[in-house]
Amino acid sequence: MNPEGNIELYRLLKEWDPLGLEAEDFDYDAEIYDSMEVLHRTGDAESASRGIQQVFLHSFETEIPLEKIRPTAEKGLEIVELYKAP
């Protein structure tokens, strides 16, 4: 994937606040990069959603419902597909 795609993917995940931790001094950078990796290596929304769920479960010991993850995973997979290297 080209750099523009990675930037778009990062922006998508940066705007997503699945745990409602909107504090200005808090960010999900590690989880964003781990979620980007999940989106790059999976090809379907179900697998991507489960992978992202595991990222947050590992970091925060909180299980985010798959239905809360799926829309973001689907958008992320669209970005990956759109910017896929030829």
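The values are calculated or read from the model by the stated rules, or taken from the named source; none is laboratory data. This one's a predicted model, so the numbers in the text were calculated from it and none came from an experiment. Positions of Cβ are backbone-derived with ideal geometry, glycine not excepted, and every protein chain shown enters the neighbour counts. Keep in mind that these areas ignore ligands, DNA and RNA; they rest on the heavy atoms of the full protein, side chains included. Shrake-Rupley method; radii C 1.70, N 1.55, O 1.52, S 1.80 Å.
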Inset, instruction - Only residues that are touching a residue at least 60 places away in the same chain (Cβ under 8 Å) and not in a loop (DSSP other than H, G, I, E, B): list them for region 71-85, please. - result: T72, K75, G76, I79, V80, L82
Legend entry - region 42-86, subset modelled with pLDDT of 95 or more and of a type in the set (K, R), residue farthest from K14 (Cα to Cα): R50
Inset, instruction - Output the residues belonging to region 47-70 that are open to solvent by less than 70 Å² (accessible area, probe 1.4 Å), assigned to a helix (DSSP H, G or I) and in contact with a helix residue (DSSP H, G or I) (Cβ under 9 Å, 6 or more places away or on another chain). - result: S47, A48, S49, G51, I52, Q53, V55, F56, S59, F60, L66, I69
Legend entry - Scan of region 31-46 for residues that are of a type in the set (G, A, S) and either closer than 17 Å to M1 by Cβ or out of contact with any helix residue (DSSP H, G or I) (no Cβ under 7 Å at 6 or more places or on another chain) (or both), ordered by number: S35, G43
Inset, instruction - Could you check how many residues of region 7-35 are under 19 Å from L82 (Cβ atoms), without any contact (Cβ under 8 Å) to a residue 60 or more places away in the chain and open to solvent by 20 Å² or more (accessible area, probe 1.4 Å)? - result: 6
